[in-house]
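For reference, the structure is listed below as structure tokens.
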Amino acid sequence: MRIAVTSQDFRSVTGHAGRARRFIVFEADGKGAPKEIERLKLDPGMEIHGFDQRAAHPLDAVEVLVTAGSGQGFVRHMAARGVQVVATSERDPAQAIEVFLAGRLMSVSSSGRADPEGQTARCNDADDGLAHRCGCRS
């Protein structure tokens, strides 16, 4: 199973998945720890937000996408591509994959992200250039 994680810095799980251009891709075969197999850096214009949904996309190759935050449109677009979106409050990408494989991450069925209490909420922090609670930088 291929699992992508939104990671704008290739070190931590980040949000705003619809606008993300960087992903860490893992392969999980059920026979040990998932292995990082690729660092995907999309060209400008390849973000899911605003992308021609009829065209092929590099994220089509994954089955699951783990993120700190996403909007309802992103979830719909990815579902149409056959990709399940799950939310996490984990910061470490490998740990987020382990938690997903253990069945402790929720699928996102509407706009939202997982906060530390396991609730869903959109990133509504002010666009002040500071790191938001969800780990993003707007």
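If I model a spin label at GLN72 and MET106 as a point 7 Å from the Cα along the Cα→Cβ vector, what separation in nanometres do I get?
The two pseudo-label positions are separated by 1.6 nm.
What residues qualify as long-range amide H neighbours of ASP92, i.e. H under 5 Å apart, gap of 5 or more or another chain, H built at 1.01 Å from N?
VAL13
Summing Lys, Arg as +1 and Asp, Glu as -1, what charge do residues with Cβ under 15 Å from the Cβ of ALA79 carry, ALA79 excluded?
0
Once fully extended, how much extra length lies between MET46 and ARG81, figured as 0.36 nm per residue of separation less the alpha-carbon to alpha-carbon distance?
11.1 nm
Roughly speaking, what is the stretch gain from ARG21 to ALA61, that is 0.36 nm per residue apart minus the C-alpha to C-alpha distance, in nm to one decimal?
Length difference between fully extended and current span is 12.9 nm.
Positive end of the dipole of the stretch 10-105, charges at C-beta (+1 Lys, Arg; -1 Asp, Glu), about the Cα centre: which of HIS16, LEU40, VAL86 has its Cα farthest in that direction?
HIS16
When only C-alpha pairs under 8 Å and at least 6 residues apart count, what is the relative contact order of the stretch 2-107, in percent?
Relative CO of the stretch 2-107 lands at 30 percent.
Along each of the three principal axes of the Cα atoms of the stretch 2-107, give the extent in whole Å, ordering the values from largest to smallest.
Answer, in whole Å and largest first: 36, 23, 22 Å.
We did not get these values from a lab; they are worked out from the coordinates using the rules stated. None of these values were measured; they are calculated from a predicted model. Neighbour counts are summed over all protein chains in view; Cβ atoms, including those assigned to glycine, are modelled from backbone coordinates with ideal geometry.
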